[in-house]
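Worksheet: one structure, shown below.
The values are calculated or read from the model by the stated rules, or taken from the named source; none is laboratory data. Please read all numbers here as calculations on a predicted model, not as lab measurements. Methodologically, a virtual Cβ is constructed for each residue, glycine included, from the backbone with ideal geometry; neighbour enumeration extends over all protein chains shown.
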Amino acid sequence: MKLWVLICVLTAATPAVRAQVVSTGVGLIRNQAVTSREVQIQNLLEIALYQSQPKDKLKPLGLDSKAFSKAVADTLLEAVLAMEAQNFNLAEVTPEDCKGAEAKALRVLKDAAVWKNLQVSQREIDAGVKRKIQAKKFTQLRAQSSLLPVTDGEAQKYFNENRGKFGNLPFENLKENIKSYLGRTHVDQRLKDWYDVLLNKYQVKNLIAEM
């Protein structure tokens, strides 16, 4: 039976008191619940810190949307990346890192209705910003260590197997671009394999994906 956590508050907008769902359990990390509210906060911090023209994107994610489903997966992965980095004392995050990132985020978010409605505490901002920075630093370290040189032979093989993509251009003209592409592809695959290992290690359950 799936665990589905509902966190509710009672409101009294009218004489009749009614229940309103404000946050829903969407994931588990070693049986610790991750809520939709946490996902919305982390998504807004991601937009504010790392996306271009962020103010045009500050909207709540519909719980039945593909964007929310992706944000759940991203939040769960981000959490275990930060946990793994802390366990091995890697990807240190300094107070200066957090202070600068927090100031940047709040410049974008402070007047946004969606942020105000979430009533994010200072403790939540501190934890969310630190986790996000640490997860990204750790991923960068892992990506650098996963980068292996691509040989001319590997590039030639790819060129021969995908000849139709390149028209009449000779291999020598494309060799370096192909090697760069294959290098990035190999890193992406190694990172994906690593992510799968971490999600399993920390017993992560994406309850949205299981619905």
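For residue 27, are the conditions met, namely being touching a residue at least 24 places away in the same chain (Cβ under 8 Å) and not in a helix (DSSP H, G or I)? Break it down stepwise before answering.
Details: touching a residue at least 24 places away in the same chain (Cβ under 8 Å): yes; not in a helix (DSSP H, G or I): yes.
In short, yes.
Pairs needed: first member in segment 64-89, farther than 13 Å from residue 132 by Cβ; second member anywhere, of a type in the set (Lys, Arg) and surrounded by fewer than 14 Cβ atoms within 10 Å (Cβ to Cβ); C-beta distance under 6 Å; at least 6 residues apart or different chains.
none
Within segment 33-46, how many residues are more than 19 Å from residue 108 (Cα to Cα), of a type outside the set (Ser, Thr, Tyr) and surrounded by 22 or more Cβ atoms within 10 Å (Cβ to Cβ)?
Of the residues in that region, 1 qualify.
Being more than 21 Å from the chain's Cα centre (by Cα) and β-branched (Val, Ile, Thr) is true for just one of 139, 94, 151. Which residue is that?
Only one candidate passes the filter, namely 151.
Would you be able to say whether some residue in segment 108-130 is hydrophobic (A, V, I, L, M, F, W, C), more than 12 Å from residue 45 (Cα to Cα) and within 19 Å of the chain's Cα centre (by Cα)?
no
For segment 47-148, give me every one of the helices (runs of 4 or more DSSP H) that falls completely inside it and has 2 or more residues that are among the charged types (D, E, K, R), modelled with pLDDT of 95 or more and surrounded by 13 or more Cβ atoms within 10 Å (Cβ to Cβ).
The qualifying helices (runs of 4 or more DSSP H) are 66-87, 95-109, 122-146.
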